1. Collect the residues in region 26-40 that are within 16 Å of D69 (Cα to Cα) and assigned to a helix (DSSP H, G or I), keeping them in residue-number order.
2. I'm told L75 meets every condition in (1) out of contact with any helix residue (DSSP H, G or I) (no Cβ under 6 Å at 6 or more places or on another chain); (2) outside any helix (DSSP H, G or I) except one. Can you identify the failing condition by its number?
3. Filtering region 20-77 down to residues that are under 17 Å from S10 (Cα atoms) and acidic (D, E), which residue is nearest to the chain's Cα centre (by Cα)?
4. Checking the structure you have, find out if any residue of region 1-17 is among the aliphatic types (A, V, I, L, M), modelled with pLDDT under 95 and part of a loop (DSSP other than H, G, I, E, B).
Amino acid sequence: MSYQNNPELSDKSKLVAGLLQIFLGTLGIGRFYTGHVGIAIAQLLTCGGLGFWSLIDGILFLVSDDRTDAQGRKLRA
């Protein structure tokens, strides 16, 4: 299913968000990518919860089908 056929899907990818979060999550990059600025700043200030928060968050982005962007649209696969 493509973004053009379903406007309720985000233009953001859960794969990209997950990988950004795993590798650059201590800077909150995965959350900035999805538009969740408040959480991204919290991750930035806590170094991604000393790495644990960002790692778990990245894995959840990759395996979960209900993650959304800042507008509440589901991330595309």
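1. First, the residues of region 26-40 that are within 16 Å of D69 (Cα to Cα): 28-40.
Correct list: I29, G30, R31, F32, Y33, T34, V37, G38, I39, A40.
2. Unmet for L75, out of (1) out of contact with any helix residue (DSSP H, G or I) (no Cβ under 6 Å at 6 or more places or on another chain); (2) outside any helix (DSSP H, G or I): (1).
3. Across region 20-77, the extreme among qualifying residues is D69.
4. yes
Residues are listed down the side, and each one gets a yes or a no for (1) surrounded by 16 or more Cβ atoms within 10 Å (Cβ to Cβ); (2) touching a residue at least 40 places away in the same chain (Cβ under 8 Å); (3) of a type in the set (V, I, T); (4) touching a helix residue (DSSP H, G or I) at 6+ places or on another chain (Cβ under 9 Å):
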| position | (1), (2), (3), (4) |
| --- | --- |
| D11 | no, yes, no, no |
| L20 | yes, no, no, yes |
| T26 | yes, no, yes, yes |
| V37 | no, no, yes, yes |
| I41 | no, no, yes, yes |
| L50 | no, no, no, yes |
| W53 | yes, no, no, yes |
| D57 | yes, no, no, yes |
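The values are calculated or read from the model by the stated rules, or taken from the named source; none is laboratory data. Since the model is a prediction, treat every value here as computed from it, not as a measurement. FYI the Cβ positions are ideal-geometry reconstructions off the backbone, even for glycines, and counts take in every protein chain you see.
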